[in-house]
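A.B. asks: Questions regarding the structure given below will be posed in turn.
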Amino acid sequence: MKAALLRRVQRLEEVRLVACQPPEFQVGYLKTLPADYTGERHVVTVGRDADGMYRWEERRGPEPRDDNHSSIPPFRVILAPPDDVPPAPGVAELNAD
């Protein structure tokens, strides 16, 4: 009886430990699919630079099934590459000179 109770408490503590951990914080750039693509899409991690920045790509189709429900999904900050960012209003006129 004591052993069964002890095993149950240990399992509950493991579940609680996973639920209490904050998500991983990831910052990086996303390579998107063409704008005219209309189907389902998902994001995959393709690498990580030496400075810690992530590189992601959008891929066609649904996201592959993940049976690992014990991990918390990462918190992602996706930055637009500098050449994809439109100039702010008034900036284009200043740089034209």
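The values are calculated or read from the model by the stated rules, or taken from the named source; none is laboratory data. Predicted, not measured: the structure shown is a model, and the values here were computed from it. Cβ coordinates were reconstructed from backbone atoms using ideal geometry, including for glycine residues, and neighbour counts include every protein chain displayed.
Here's the yes/no breakdown for (1) closer than 15 Å to VAL77 by Cα; (2) touching a Phe, Trp or Tyr at 6+ places or on another chain (Cβ under 7 Å); (3) modelled with pLDDT under 90:
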{"site": "LEU17", "(1), (2), (3)": "no, no, yes"}
{"site": "GLN21", "(1), (2), (3)": "no, no, yes"}
{"site": "VAL27", "(1), (2), (3)": "yes, yes, no"}
{"site": "ALA35", "(1), (2), (3)": "no, no, yes"}
{"site": "GLU40", "(1), (2), (3)": "no, no, no"}
{"site": "GLY52", "(1), (2), (3)": "yes, no, yes"}
{"site": "ARG55", "(1), (2), (3)": "yes, yes, no"}
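A.B. asks: Here's something else I'd like to know. Among the residues of the stretch 21-47, which ones are aromatic (Phe, Trp, Tyr) and either exposed (fewer than 11 other Cβ atoms within 10 Å of the Cβ) or more than 11 Å from the chain's Cα centre (by Cα) (or both)?
C.D. replies: PHE25, TYR37
A.B. asks: Could you please find all residues in the stretch 58-79 being in a loop (DSSP other than H, G, I, E, B) and at pLDDT 75 or above?
C.D. replies: Of everything in the stretch 58-79, those that are in a loop (DSSP other than H, G, I, E, B) and at pLDDT 75 or above turn out to be GLY61, PRO62, GLU63, PRO64, ARG65, PRO73, PRO74.
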